[in-house]
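See structure below.
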Amino acid sequence: MQGKRILLIVGGGIAAYKSCELIRLLRKAGASVTCVLTKGGAQFVTPMTLAALSENEVYTSLWDLKNEVEMGHIQLSRQSDLVVVCPATADLMAKMVAGIADDLATTLLLATDKPVLAAPAMNVRMWQHEATVRNVAQLRRDGVTVLEPDEGEMACGEYGPGRLPEPEAILQAILTHPAVRAEPVNVLSFSTAAKGKDAPSTGSGRAGLRGRHVIVTAGPTHEPIDPVRVLANRSSGKQGFAVAGALAEAGARVTLVAGPVSLPTPPGVDRVDVETALQMQRALDAALPADAAVMVAAVSDWRADSSPRKIKKTGGAPPQLALVENPDLLAELASSARRPRLLIGFAAETEDVVENAQAKRERKGCDWIVANDVSGDVMGSETNSVHLITAEGTESWETLSKTEVARRLTRRIAAELGGGNDGEGNAD
Ligand code: CTP
């Protein structure tokens, strides 16, 4: 991060103390940090602490800017490579959504022309409140990278998602943010792929998907039968998470809509956790529009007409499960007005893999299908043997690690979408 400038806005919350550690880590990584402390933030850390750690002036009010005649707040908001809001409180995020500029921090956020990354921290109920869910979705649509908070015990004694991610995790997200990264972490060459061949996954170091938004669905869905039982499937989520990670490495803004899995979020990926197919449908809707969507999730085809109370053994006949068909998210998206330009499905087949997948591509109306044979032990394993089915034909790839499948697919996506400048004059 040598030479990179971070404008760090410290919001008001008990987690503000962790921003001190973040400053230390950023400086160690070679960045310079300028801090803006909100009135609320100043209840938890002092300007003196931030000044000592950043070795820079700390700004707390619009009126500190001595050169206001020169529109100091505009300058301050634009002299950085990335604006980081940490902790981002519910209030601060709501103001960002509404465009309210009633103090220095919110004025800078409205005036900046630089990318913004927000690390939220708040009480679990506040995080799960519809207003915050709506605001986070809107911020993501507006291009703000909103990190997922950690889950755990909170300062207020409650338990759940809402804790500020650890400073190391925030640093990692900053390091992989396209605004900061000098070269993409994963050096992919897309120019060869654009000519129809697969390039090796190391090479020239060009980010082919910068400026593109890609949605990825991953994992299984769990459909409740009653408060303690679910209908589930064996999807591990590994392939979908690998796809999300590879896309982010290639510079895309990635929204990962994840079913219930306990996998770590790949760096630089915005993750939305869901349980059921209907929740996945809502999360997809909130994440749109996108340039591409890769639907890797093993969405349950059915949901149960669930009981609000635990179903008990009665000694008589076992209960009958009444199943209701779930919406087909891929087919729905394919025929919607907000269809991404490139829509990719995955097909899990146990027989006639290619024929079934070719038919599925046409039936669902997607552009490509990545078909895999799940008759073996693919689910949960580290490797995958897939066929890429497009309108032009079928390609069978050799058995590869799921990471390598993800990278190869990413190169194809970049070639198809024509991302940022690929270094061969193919800028758009
Ligand atoms: N899919 C979806 N919504 C569903 C079911 C599937 O979005 N309700 C998507 C999956 O994410 C995948 C593709 O459709 O990209 C194919 O999934 P698959 O389970 O193979 O297809 P099904 O439609 O379930 O077909 P079948 O089970 O009849 O083979």
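Of note:
- Complete set of residues in the range 344-356 that are more than 8 Å from the ligand (Cβ to nearest atom) and either assigned to a helix (DSSP H, G or I) or closer than 21 Å to Arg282 by Cβ (or both): Val353, Val354, Glu355
- So Asp285, is it assigned by TED's automatic domain parsing to the domain that holds Lys364, within 15 Å of the ligand (Cβ to nearest atom), surrounded by fewer than 16 Cβ atoms within 10 Å (Cβ to Cβ) and acidic (Asp, Glu): yes
- Any hit, the range 399-406, residues being farther than 23 Å from Val254 by Cβ, within 13 Å of the ligand (Cβ to nearest atom) and touching a Ser or Thr at 6+ places or on another chain (Cβ under 8 Å): no
- Screening the range 101-133 for residues that are over 28 Å from Ile74 (Cα atoms) and not hydrophobic (A, V, I, L, M, F, W, C) and picking the one that is nearest to the chain's Cα centre (by Cα) gives Gln128.
- In the range 352-363, the residues that are outside the structural domain of Ala391 (by TED's automatic domain parsing) never reach a residue that is outside any helix (DSSP H, G or I) and within 11 Å of the ligand (Cβ to nearest atom) with C-beta atoms less than 8 angstrom apart, at least six apart or across chains.
- Filtering Ser336, Ser401, Ser381, Ser375 for residues that are surrounded by fewer than 16 Cβ atoms within 10 Å (Cβ to Cβ) and more than 24 Å from Ala242 (Cα to Cα) leaves a single hit, Ser336.
- Taken together, Arg303, Arg341, Arg309 contain a single residue that is away from the ligand (no atom under 16 Å from the Cβ), at pLDDT 95 or above and more than 27 Å from Gly162 (Cα to Cα), which is Arg341.
- Selected residue (criterion: nearest to Pro340 (Cα to Cα)) from residues of the range 358-368 that are within 8 Å of the ligand (Cβ to nearest atom) and touching an Asp or Glu at 6+ places or on another chain (Cβ under 9 Å): Lys364
- The single condition among (1) out of contact with any strand residue (DSSP E or B) (no Cβ under 6 Å at 6 or more places or on another chain); (2) under 21 Å from Ile369 (Cα atoms); (3) not acidic (Asp, Glu) that Pro266 does not meet is (2).
- Flag for Arg411 being modelled with pLDDT of 95 or more and either more than 13 Å from the ligand (Cβ to nearest atom) or more than 18 Å from Gly219 (Cβ to Cβ) (or both): no
- Looking at the range 51-159, the strands (runs of 3 or more DSSP E) lying wholly inside it that each contain 3 or more residues that are of a type outside the set (S, T, N, Q) and in contact (Cβ under 8 Å) with a residue 60 or more places away in the chain sit at 82-88.
- Residue within the range 190-213 that is assigned to a strand (DSSP E or B) and modelled with pLDDT of 90 or more present: yes
- Test: residue in the range 32-40 that is surrounded by fewer than 21 Cβ atoms within 10 Å (Cβ to Cβ), assigned by TED's automatic domain parsing to the domain that holds Thr112 and within 20 Å of Ala121 (Cα to Cα): yes
The values are calculated or read from the model by the stated rules, or taken from the named source; none is laboratory data. These numbers were taken from a predicted model, which means no experiment stands behind them. Cβ sites come from the backbone with ideal geometry, for glycine too, and all protein chains shown count toward neighbours.
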